[in-house]
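The values are calculated or read from the model by the stated rules, or taken from the named source; none is laboratory data. On a predicted model such as this, the values are computed, not experimentally measured, just so you know. Every residue, glycine among them, receives a Cβ derived from its backbone with ideal geometry; neighbour counts consider all protein chains shown. Side chains are part of the model used for accessible areas, which takes the heavy atoms of the whole protein and leaves out ligands, DNA and RNA. Shrake-Rupley method; radii C 1.70, N 1.55, O 1.52, S 1.80 Å.
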Amino acid sequence: MLYSEKVMDHFQNPRNLGKMEDADGIGEVGNAKCGDIMKMYIKVADGIITDVKFNTFGCGSAIATSSMATELVKGKPITEAVKLTNQAVVEALDGLPAQKIHCSVLAEEAIKAAVKDYYDRNGICYDEKDLAPADECPCCH
Amino acid sequence: MYVYADNAATTAMSKTAIRAMEPYFDTIYGNPSSLHSVGQRAAEALMEQRAKVAACLGAKPEEIYFTSGGSEADNQAIRSAALLGAKKGKRHIISSAFEHHAVLHTLKKLEREGFEVTLLDVGPLGLIRPEDVAAAIREDTALVTIMYANNEVGTIQPIAEIGAICREKKVPFHTDAVQAVGHIPVDVDKDHIDMLSLSAHKFHGPKGVGVLYCRKGQPLLTFIEGGAQERGRRAGTENLAGIAGLAAALEEAVSHLDENAAHMTALRDKLIDGLSQIPHSRLNGDRARRLPGNVSFCFEGIEGESLLLLLDAKGVAASSGSACTSGSLDPSHVLLALGLPHEIAHGSLRLSLSEYNTEEEMDLILKAVPEVVAYLRDMSPVWEDLEKGVKHHAI
């Protein structure tokens, strides 16, 4: 198999799939030319991410990493969510093929982009470098 | 029910081909180069297989060289013609933008060795124009190599016309006929072909065996050194079981060509008509001049790999020219050569049929594909933008 059982599970039964009408922050990363776009929605209350949803255009691992990233930040304090790394997503999925690592980078960036949007909307100060992409996606940068 | 609709990748072997191989494992197991009777029995069998294959192509037995498959045959034909051309100061090769990588990568390598390559445009329908070939031929053209039928979009090229032009201009003509042989009529004389590559596993033969046809009078350089096999052009003890499987599968395919093509064409057209009902979808490649078993579509707003993994879960084996299936980030060079933008080319699906497929299976495909496309579009932010009018539909 190309993918681990965990990847296939999250691909075939994605968690937190869908749109959110009243989101407090929305992040969209990637581009259609490269073949993947992730859009994340977060709901925040008292500094906690109380709900998260995603929509993704992309391959199996793009969908699986989106799903896993939403699971990893749901219910977490926002300060903790911004520390999410692509490696954490990869590990939680029991690994990804080398050429699919960029999907996990996108998932990390999508979460950070949603948090950044939440901060911007609410005039909350933050350090730019905390929300900067941790790694280089070979396609989209 | 599980539907195998990826026959352009490989086929199930026919029972005839399997049976034809069996004696060569433990009965006719000799080395055709051995002088004793065991070896000579194998040598005679090899001769018979060569004659069978030749008859199926309109060739002579001494023009058939067995290889490890289509890729090896492509490599040998192109390298040989290029190096022989270079000896006469001819360092120009003509091909097309949507050839198989066995051809394109060989040409890339030759470019680095000082050859000049002209890749002809295939137009939006995936058809090469013979007049473009004629116009591209120069004094120093060493070879024209154009595929008989495209592996992804299934378009059949005007090979006889291209062959006639090359013959008239005295330029060697090679065709990668891996997707064509056993599926549509191929005749090396009528088509004016000097060299042709084919592969057994595309017509219900075994994997790992193919043929390079090389017309008498067309010189051919040795590709593998180390023995006198294949008239000294390809050393190595012959894969006799594989060759027998190839010959049997080819004979069977050629003798049922018309009825198989009629069956597959009916199924293909049913799929094309059904899939065309999906909004914002497009058939890739010319509708009429295409292989009987090829269906190639793009669906806007989704990505091909997720499409084919979900189809697999629903019982359909298909393929995609999406970047993510190949491990590269660029979608299929074939779809890009047709002029499709990247974002459309990412959402491609190829269904390739064989005579073993049934109408009932097409019904399952026609149920599964729209469901999966709708599901993926529903979760796609690209589709959301298209539907909201933030972006315009391209198809």
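Here are the numbers for this structure:
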{"quantity": "DSSP beta bridges in chain B [antiparallel fraction, %, rounded to 5]", "calculated": "55"}
{"quantity": "Filtered GluC sites (Glu not before Pro), the range B:142-242: DSSP coil and at most 12 other beta carbons within 10 Å", "calculated": "B:Glu225"}
{"quantity": "Relative contact order (%) - criterion: Cα under 8 Å, at least six apart; region: the range B:242-395", "calculated": "27"}
{"quantity": "Values of log10 I(q)/I(0), in the order q = 0.16, 0.21, 0.26 Å⁻¹, for the range B:126-179 under a Debye, Cα-only, solvent-free model", "calculated": "-0.43, -0.72, -1.02"}
{"quantity": "Shape box of the range B:36-110 [Cα atoms, principal axes, largest first, Å]", "calculated": "47, 28, 23"}
{"quantity": "Net dipole in debye of the range B:42-104 [+1 Lys, Arg Cβ; -1 Asp, Glu Cβ; about Cα centre; nearest 20]", "calculated": "440"}
{"quantity": "Degrees, to the nearest 10: A:101-122 long Cα axis against longest axis of chain A", "calculated": "10"}
{"quantity": "GluC sites (Glu not before Pro) restricted to DSSP loop in the range B:65-133 with at most 14 other C-beta within 10 Å", "calculated": "B:Glu113"}
{"quantity": "Among the listed pairs B:Lys52/B:Lys190; A:Lys6/A:Lys74; A:Lys43/B:Lys367; B:Lys202/B:Lys270; B:Lys108/B:Lys202, those beyond 30 Å (Cα-Cα)", "calculated": "A:Lys43/B:Lys367"}
{"quantity": "Mean residue ellipticity (222 nm) of chain B, computed from DSSP H runs ≥ 4 via -39,500 (n - 2.57), nearest 500", "calculated": "-12500 deg cm²/dmol"}
{"quantity": "Hydrodynamic radius (Kirkwood) for the range B:1-49, which is based on Cα pairs only, to one decimal in Å", "calculated": "12.9"}
{"quantity": "√(5λ) per eigenvalue of the Cα gyration tensor, the range B:96-225, largest first, Å", "calculated": "21, 18, 16"}
{"quantity": "Axial C-alpha extent at least 24 Å, average Kyte-Doolittle at least -0.5 - helices from chain B (DSSP)", "calculated": "B:37-57, B:70-87, B:257-275, B:359-378"}
{"quantity": "Computed over the range B:28-161, Kirkwood Rh from alpha-carbon pairs, angstrom", "calculated": "17.0"}
{"quantity": "Helix A:60-73 axis, angle to chain A major axis (alpha carbon atoms, nearest 10°)", "calculated": "40"}
{"quantity": "Percent of alpha-carbon pairs separated by more than 22 Å within the range B:213-362", "calculated": "57"}
{"quantity": "Point-to-point label distance, B:Lys88-B:Ala228, nm (Cα→Cβ direction, 7 Å offset)", "calculated": "3.0"}
{"quantity": "Translational diffusion of the range A:8-111, µm² s⁻¹ [Kirkwood Rh, Cα pairs; Stokes-Einstein; 25 °C; 0.890 mPa s]", "calculated": "185"}
{"quantity": "Diffusion coefficient, µm² s⁻¹, Stokes-Einstein with Kirkwood Rh over alpha-carbon pairs of chain B at 10 °C and 1.306 mPa s", "calculated": "72"}
{"quantity": "Square roots of five times the Cα gyration tensor eigenvalues for the range B:310-395, Å", "calculated": "25, 18, 12"}
{"quantity": "Simple spin-label estimate for A:Ser4 and B:Asp26 in nanometres, 7 Å along Cα-Cβ", "calculated": "4.5"}
{"quantity": "Summed residue charge, Cβ within 13 Å of B:Gly85's Cβ, Lys/Arg positive, Asp/Glu negative", "calculated": "+2"}
{"quantity": "Rg ratio (alpha-carbon, reference 2.2 N^0.38 Å) - the protein assembly as shown", "calculated": "1.12"}
{"quantity": "The range B:159-248: antiparallel DSSP beta bridges as a percent of all, rounded to 5", "calculated": "55"}
{"quantity": "Per residue convex hull volume, Cα atoms of the range B:178-250, in Å³", "calculated": "92"}
{"quantity": "Two-decimal Rg/Rh across the range A:5-66, once Rg and the Kirkwood Rh are taken from alpha-carbon atoms", "calculated": "1.01"}
{"quantity": "Size of electric dipole in the range B:1-56: Cβ of Lys, Arg +1 and of Asp, Glu -1, about Cα centre, debye, nearest 20", "calculated": "120"}
{"quantity": "The range A:1-70 - percent relative contact order, Cα under 8 Å, separation 6 or more", "calculated": "36"}
{"quantity": "Protein accessible area in the protein assembly as shown, 1.4 Å probe - carbon and sulfur %", "calculated": "52"}
{"quantity": "For the range B:90-108 versus the range B:41-76, the gap between their alpha-carbon centres in whole angstrom", "calculated": "24"}
{"quantity": "Relative contact order (%) - criterion: Cα under 8 Å, at least six apart; region: chain A", "calculated": "28"}
